[in-house]
Structure formats: structure tokens, C-alpha cells
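The values are calculated or read from the model by the stated rules, or taken from the named source; none is laboratory data. The shown structure was predicted, so the numbers you read here are calculated from the model rather than taken from an experiment. Cβ placement follows ideal geometry from the backbone for every residue including glycine, while neighbour counts extend to all protein chains displayed.
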Amino acid sequence: MLERKAMGQIEKWHRGDARKALLIKGARQIGKTTVVRQFARTHYKNFVELNFLEDARAHAIFDDSLDADSLVAALTSYVRKPLDPGNTLILFDEVQECPRARMAVKFLVEDGRFDYIETGSLLGVKSRQVGSYPVGFEEHLQMYPLDFEEFCLANGVQPQALSSLRECFEKRVAVNPAVHGAMMKLFFAYMVVGGMPEVVQRYVDTHDVAQAMALQKGLLDLYRLDIAKYAENGDAAKARSVFDAIPAQLDDKNRRFVLADIDKNARQNRYASSFLWLVDAGVALPCYNVQQPVVPLEANCKHSLFKLFMGDTGLLCAATLGNIQFDLLQGNTDVNVGSITENVVAQELKSNGFNLNYFNNKRYGEVDFIVQDGAKVIPIEVKSGNDWRAHKALHNVLSVEQWHMDEAFVLCKGNVECDGSIVYLPLYMTMFLRPTPAPESLVYQVDLSALDELTR
């Protein structure tokens with residue numbers, strides 16, 4: 001059984017005082033339904049699962065009135081047994097397939113008899129079909145493929161070992177060389193296997209990369225079928241072209257997505273909905289150029305210039321021609337794997353909570369990633385080869401006083417090392433790069449006693 005961080009977030013929702021439905025979003029086959037089933041087994045006496053993708057009967061529940069009493073009666077009829085108020089979890093699986101179920105959530109939550117979790121793979125894609133959203137009645141949780149930390153746990157790395165590595169990261173001290181070597185090998189395995197749960201489980205069970213690759217090919221075919229099925233008329237062909245072009249575009253020296261490489265007559269505005277479709281479906285991760293690396297980064301984004309990463313590094317490897325998996329597993333990064341290394345870092349940063357941006361300027365050069373942590377901006381370079389000390393652009397941006405950057409990271413094959421404001425980190429320590437978490441509680445009360453004088 002794969003350990004997922006989403007479980008902790010679902011448990012936090014369950015403990016919440018103001019009960020709402022929980023909407024879990026994410027790409028197809030990333031484990032949304034599985035984690036809900038695991039949660040239900042340990043927290044509820046009754047669990048009801050409605051799969052709107054596979055069961056037409058489930059749609060009929062919402063054909064008539066959406067008032068709570070009618071819906072509860074229809075749900076009870078559907079499961080053919082009485083449901084225990086206060087001890088029943090109802091799952092609306094693939095809720096995007098039944099827009100009226102999404103609309104009904106408001107009334108069901110207000111009713112309060114049962115708890116509700118929704119999962120959706122193509123919510124952004126099918127959003128226009130929903131008449132009204134249950135605003136104020138849902139909490140949202142974004143799921144991604146397994147990150148590297150989850151992959152480590154799946155492969156038997158003990159939590160204590162991860163804690164020791166985290167301590168090295170926080171104190172900026174080198175990792176034991178033998179441990180460092182083992183973690184680098186595991187990271188290369190993660191680059192090849194990726195984080196799709198079925199693929200990870202097959203690898204853990206068999207350690208047969210060929211079997212993992214076969215599953216990845218099937219998932220790529222599933223995504224292509226989704227594009228054909230769900231993308232609107234003229235967008236399907238464009239979205240498929242963009243999706244299939246991601247590996248080659250990333251392999252280009254500057255990684256920037258260039259529409260002319262697909263179609264010399266292509267225009268940004270004609271393809272905009274296709275890019276958004278892939279992003280909304282969770283299969284692609286955009287990384288936008290910032291004109292200046294200053295907060296807020298979003299205000300400095302130039303959305304017409306972007307890199308487009310695959311949502312899962314294993315799928316990128318499977319989609320890349322040349323069978324490079326063997327070279328990666330052997331730690332041979334002399335082959336052209338810069339794009340895959342950058343993709344896995346993008347995937348980690350995104351799942352860790354960062355928005356993805358990069359910086360490219362003729363005067364200063366290009367920095368692979370620029371991320372924002374509160375009022376702080378952090379530049380990050382990714383090095384797949386042995387030349388990780390060559391990073392002129394980092395020195396350039398750090399030297400600009402008005403940008404107030406006091407630290408930069410170079411993710412590489414080397415061990416932890418500090419050189420002035422530049423911190424060299426092993427690639428696997430990307431898992432520790434996270435935004436500062438918001439406080440669980442922030443009580444602030446203004447002392448108004450001085451105003452008492454005005455009332456005397």
C-alpha cells in the first residue's frame with residue numbers, strides 16, 4: 001500500500017470544525033479514488049461510492065429535484081440499504097461527468113447528514129457545464145503523482161533516514177558519501193519510473209523497469225484518448241499536437257515552447273485553449289517567463305513565453321525516443337537528459353507548493369526556475385552533468401541589489417556545499433524545497449484602550 005501525503009490533508013479536512021465537502025483534483029490515474037477508499041475504511045462505518053464515469057445509474061440520482069430530502073432518498077435507493085447519519089462518507093467519483101451532482105453539493109452539505117468527497121480529473125476542462133458552483137461549501141485539495149519523498153517511502157527508505165537527510169539540508173552539511181550515492185541512484189530510478197501509482201507499485205513489486213514502461217505507454221495512450229474525447233472540436237487536434245510535442249520542445253536548448261515548431265503558421269491565440277486544456281487536465285505543467293525576478297512574480301509574468309513540462313517524469317521518459325532509461329539508471333547523464341532532469345525538478349517544485357517561473361534576459365542570462373516564498377524570491381539552477389559550478393546567470397541576478405536575492409540553489413549530482421550565497425544541493429534534496437507554511441493559527445488583537453479617553 002502506497003503512503004500518500006494527501007491522506008494527512010484529508011484527515012485535516014475531517015477534523016475541521018466547519019464541515020464542507022472536499023473536492024480532490026488531479027490528473028487521471030494519480031490515486032485520488034484509492035486514497036479516499038483507504039481513508040473511508042478507517043474513519044467511517046458506511047462508505048458509498050458513485051462513479052459517474054462508469055455507472056449511468058449514478059447520474060439518474062440527480063435528474064430530478066436537487067433538494068436534500070429527495071437526493072438522500074435517491075441515494076438510499078441507489079445503495080439499497082439505510083445510511084447512518086454522522087457515520088457515512090459518500091464519494092462522488094469523476095464528478096465532472098455529472099455537473100448536476102456538483103451543483104447538488106451545496107444542498108447536501110447544508111443538510112448535514114453525511115460527509116461528501118468529490119474527485120475530478122477534468123474539472124477545469126468541463127467547468128462550463130456546471131450551472132452553479134457550491135461556493136463556500138467545498139474545500140479543495142490538489143493531488144499530483146507521487147513525489148520523490150513518497151517514492152522513497154514506497155521503496156523502503158525509512159522516515160528516520162529522510163529526517164537525517166532533511167537535517168543535512170537545513171544545516172547545509174554534506175551527506176555521508178555512501179548514503180549520497182544510494183540516494184542519487186534512487187533519484188535516477190524515480191526519473192525513469194515517475195510517480196504514477198500503478199507504475200510505482202509495479203516497480204516496487206517487481207523492480208522490472210520494462211513492466212513499468214509498458215504501463216507508462218498505456219497511460220500516455222489513455223491521455224491521448226481523453227484529449228480526443230473531451231477536447232472541444234477544433235481543440236482536440238491542437239491539444240494532441242502540443243502534448244506530443246512536449247518531449248521534443250523540452251529537448252531544445254532553451255526549453256521554451258515554440259509553436260512554430262509544430263506549425264509554422266501557428267498563432268498563440270489559436271492554441272491558447274489547447275495549452276489550457278492540458279494544464280486543466282493535469283497532464284502538463286506550465287512555467288512562465290518573468291520579466292523581473294521581484295515579488296509578486298505573478299505580476300511580472302509574460303504568459304506568451306513559457307516552458308511546458310510533462311506532469312510526470314516517468315511519462316516524459318516513456319514519451320522520449322531513444323530508450324534512455326538504461327542510461328539514467330546507470331547514472332550516465334552524458335546523454336542528453338537535461339530536459340528530463342529539469343522536468344523532474346519542475347514536478348517536485350509544483351507538488352511542493354511553488355508556482356513555476358523562469359527568468360531569461362539577454363543582459364543577465366537564463367535561470368531555470370524562479371520561485372517565490374512569501375516576500376522572498378529564490379533562483380534555482382538545475383545541472384544534470386558534471387559542470388554544476390558553471391552558472392554565470394546566477395551570479396548575474398544575485399549581483400543586482402534592487403532584486404534583494406540573498407540565496408540561490410544549484411541542484412546537481414554533487415553533495416551539499418555552500419559557496420557564498422550559492423548553495424549546492426543534490427538533486428534528490430529538491431523534496432525539501434518548500435514554501436514557508438502558513439501558521440495553523442494567527443491570533444492578532446489590536447489594543448484599543450487608548451480610545452477609551454474619547455468616551456470619557
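Going by the conditions given, is Thr341 within 21 Å of Asn415 (Cα to Cα) and among the β-branched types (Val, Ile, Thr)? So Thr341 fits the description; yes. Checked against (1) out of contact with any strand residue (DSSP E or B) (no Cβ under 8 Å at 6 or more places or on another chain); (2) in a loop (DSSP other than H, G, I, E, B), Met431 passes all but condition (2).
Could you list, in sequence order, the residues of the range 61-101 that are of a type in the set (Lys, Arg) and either assigned to a strand (DSSP E or B) or within 18 Å of Pro134 (Cα to Cα) (or both)? Result: Arg100, single match.
Out of everything in the range 171-205 that is under 20 Å from the mean Cα position of the chain (by Cα) and aromatic (Phe, Trp, Tyr), what residue ends up being surrounded by the most Cβ atoms within 10 Å (Cβ to Cβ)?
Taking the range 171-205 and keeping what is under 20 Å from the mean Cα position of the chain (by Cα), we get 187-201.
Of the ones still in play, those that are also aromatic (Phe, Trp, Tyr) are 187-188, 190.
Working: Phe187: 23, Phe188: 25, Tyr190: 29.
Looking at the filtered set, the residue picked out is Tyr190.
In the same structural domain as Leu316 (by TED's automatic domain parsing), in contact with a helix residue (DSSP H, G or I) (Cβ under 6 Å, 6 or more places away or on another chain) and within 18 Å of Asn289 (Cβ to Cβ): is that true of Tyr358 in this structure? No; evaluated as a whole, the condition is false for this residue.
Matching residues to (1) out of contact with any Leu (no Cβ under 9 Å at 6 or more places or on another chain); (2) at pLDDT below 95; (3) assigned to a helix (DSSP H, G or I):
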{"site": "Gly8", "(1), (2), (3)": "yes, no, yes"}
{"site": "Arg28", "(1), (2), (3)": "no, yes, no"}
{"site": "Thr34", "(1), (2), (3)": "no, no, yes"}
{"site": "Ala40", "(1), (2), (3)": "no, no, yes"}
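Evaluate the following for Asp67: is it of a type in the set (Asp, Glu), out of contact with any helix residue (DSSP H, G or I) (no Cβ under 7 Å at 6 or more places or on another chain) and over 24 Å from Asp226 (Cα atoms)? Answer is no for this residue. With the structure loaded, tell me whether Gln372 is modelled with pLDDT of 95 or more, surrounded by fewer than 24 Cβ atoms within 10 Å (Cβ to Cβ) and not in a loop (DSSP other than H, G, I, E, B) or whether it fails that test. Spelling it out, Gln372 is indeed modelled with pLDDT of 95 or more, surrounded by fewer than 24 Cβ atoms within 10 Å (Cβ to Cβ) and not in a loop (DSSP other than H, G, I, E, B). With respect to the stated conditions, Val157 fails to be surrounded by fewer than 18 Cβ atoms within 10 Å (Cβ to Cβ) and closer than 23 Å to Gly16 by Cβ.
The set of residues from the range 41-92 being in contact with a Gly (Cβ under 9 Å, 6 or more places away or on another chain) and closer than 24 Å to Ser121 by Cα comprises just one member, Phe92.
Can you tell me which residue in the range 345-403 is farthest from Asp327 (Cα to Cα), limited to those that are among the acidic types (Asp, Glu) and under 28 Å from the mean Cα position of the chain (by Cα)? Checking each candidate, the answer is Asp373. Being assigned to a helix (DSSP H, G or I), in contact with a strand residue (DSSP E or B) (Cβ under 8 Å, 6 or more places away or on another chain) and modelled with pLDDT under 90 holds for only one residue in Leu305, Leu250, and it is Leu250. Pairs linking a residue in the range 109-121 that is more than 10 Å from Lys32 (Cα to Cα) to a residue that is of a type in the set (S, T, N, Q), with Cβ atoms under 8 Å and 6 or more positions apart or on different chains, are Arg113/Thr88; Phe114/Thr88; Asp115/Thr88. Within the range 207-226, not a single residue is touching a Cys at 6+ places or on another chain (Cβ under 9 Å), under 25 Å from Leu427 (Cα atoms), in contact (Cβ under 8 Å) with a residue 40 or more places away in the chain and not in a helix (DSSP H, G or I). Would you confirm, using the coordinates I've provided, whether Gly353 is in the same structural domain as Asp368 (by TED's automatic domain parsing), surrounded by fewer than 20 Cβ atoms within 10 Å (Cβ to Cβ) and closer than 24 Å to Glu198 by Cα? Yes; evaluated as a whole, the condition is true for this residue.
I'd like the full set of residues that are surrounded by fewer than 22 Cβ atoms within 10 Å (Cβ to Cβ) and part of a helix (DSSP H, G or I), limited to the range 140-154. Leu153, Ala154, listed by residue number. Tell me whether the range 230-237 contains one or more residues that are in a helix (DSSP H, G or I), closer than 20 Å to Ile30 by Cα and assigned by TED's automatic domain parsing to the domain that holds Val192. Yes, the range 230-237 contains a residue that is in a helix (DSSP H, G or I), closer than 20 Å to Ile30 by Cα and assigned by TED's automatic domain parsing to the domain that holds Val192.
Can you confirm whether the range 314-323 contains a residue that is assigned to a strand (DSSP E or B) and surrounded by fewer than 23 Cβ atoms within 10 Å (Cβ to Cβ)?
No, the range 314-323 has no match at all.
Scanning the range 223-241 for residues that are surrounded by 13 or more Cβ atoms within 10 Å (Cβ to Cβ) and either within 21 Å of the chain's Cα centre (by Cα) or of a type outside the set (Gly, Ala, Ser) (or both) turns up Tyr223, Arg224, Asp226, Ile227, Tyr230, Asp235, Lys238, Ala239, Arg240.
Consider Val258 carefully, then state whether it is hydrophobic (A, V, I, L, M, F, W, C) and either modelled with pLDDT of 90 or more or outside the structural domain of Val423 (by TED's automatic domain parsing) (or both).
Details: hydrophobic (A, V, I, L, M, F, W, C): yes; either modelled with pLDDT of 90 or more or outside the structural domain of Val423 (by TED's automatic domain parsing) (or both): no.
No.
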